[in-house]
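Working notes, structure below.
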Amino acid sequence: MKFVPSTFLVGDVAEEKFYQYTLIDEYSRFRYLKAFKGHSTYSSTQFLLHVIEKFPYAIECAQTDNGFEFTNEMGNSQKKPLTLFEKTPAQLNIRHKKIRAFTPKHNGKVERSHRKDNEYFYTDHKFYSLEDFQKQSAVHQRNYNNFPIRLHNRHSSKQIFYFSQSVTHH
């Protein structure tokens, strides 16, 4: 989850906060983005359910950091009840893997993709509503997924993602 820089929110949403959730397929590096006005276990759960609905394959594992939008692990309380987000993958037979606390390098693919967002997306865009952000980020996401990468012999993440789906499902 990434905080959308407030300097890029203008007009009626200038005082609001948007949060970008990011999914990256481990193998293909295919990336999916969705923004919310909140960053709670509810928003995180809605993102996971949306991903499950939209993607053509079974999700085996959801890796997150230890933020309160995912888990109570970092809370001060001795009792650490499961959050809505933690319960949801368990109910759906999806493993929830939490990276070690305070080690963003263990979530390197997402961190790198967020850095690219800062360099190529946020620097020259303004957002006038959540819907406007969703539309602009969809174009950015499409460009990101269609860009050839060295890891896959200059094929794009999108090509690898859909090719791997056709191979594994036939």
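About the centre of its Cα atoms, the chain shows a dipole size close to 600 debye [charges on the beta carbon of Lys, Arg (+1) and Asp, Glu (-1) only; nearest 20 debye].
Based on Cα atoms of segment 84-149, Rg over Rh with Rh as the Kirkwood radius reads 1.07. Binning the alpha carbon pair distances of segment 7-70 at 10 angstrom intervals from zero yields the distribution 17, 48, 27, 8, 0, expressed in whole percent. Of the solvent-accessible surface of the chain, computed with a 1.4 Å probe and all protein chains present, 52% belongs to carbon and sulfur. Compared with the direct C-alpha span, the chain from residue 124 to residue 10 gains 39.7 nm at full extension, assuming 0.36 nm per residue.
In the chain, helical runs assigned H by DSSP with n ≥ 4 each contribute -39500 (n - 2.57); averaged across all residues and rounded to the nearest 500, the mean residue ellipticity at 222 nm is -12000 deg cm²/dmol. Annotation for segment 118-154 versus segment 1-50: alpha-carbon center distance of 13 Å. Each residue was assigned an accessible area with a 1.4 Å probe, and for residue 74 the value is about 80 Å². The 1.4 Å probe gives accessible areas that order 29, 100, 150, largest first, as 150, 100, 29.
The Rg/Rh ratio of segment 114-153, with both radii computed over alpha carbons and Rh defined as the Kirkwood radius, is 1.05.
The values are calculated or read from the model by the stated rules, or taken from the named source; none is laboratory data. The structure presented is a predicted model; accordingly, all values stated were derived computationally and were not measured. For neighbour counting, all protein chains shown are included, and Cβ atoms are generated from backbone atoms with ideal geometry for every residue, glycine included. Please note that ligands, DNA and RNA were not included when accessible areas were found on the heavy atoms of the full protein model with its side chains. Shrake-Rupley method; radii C 1.70, N 1.55, O 1.52, S 1.80 Å.
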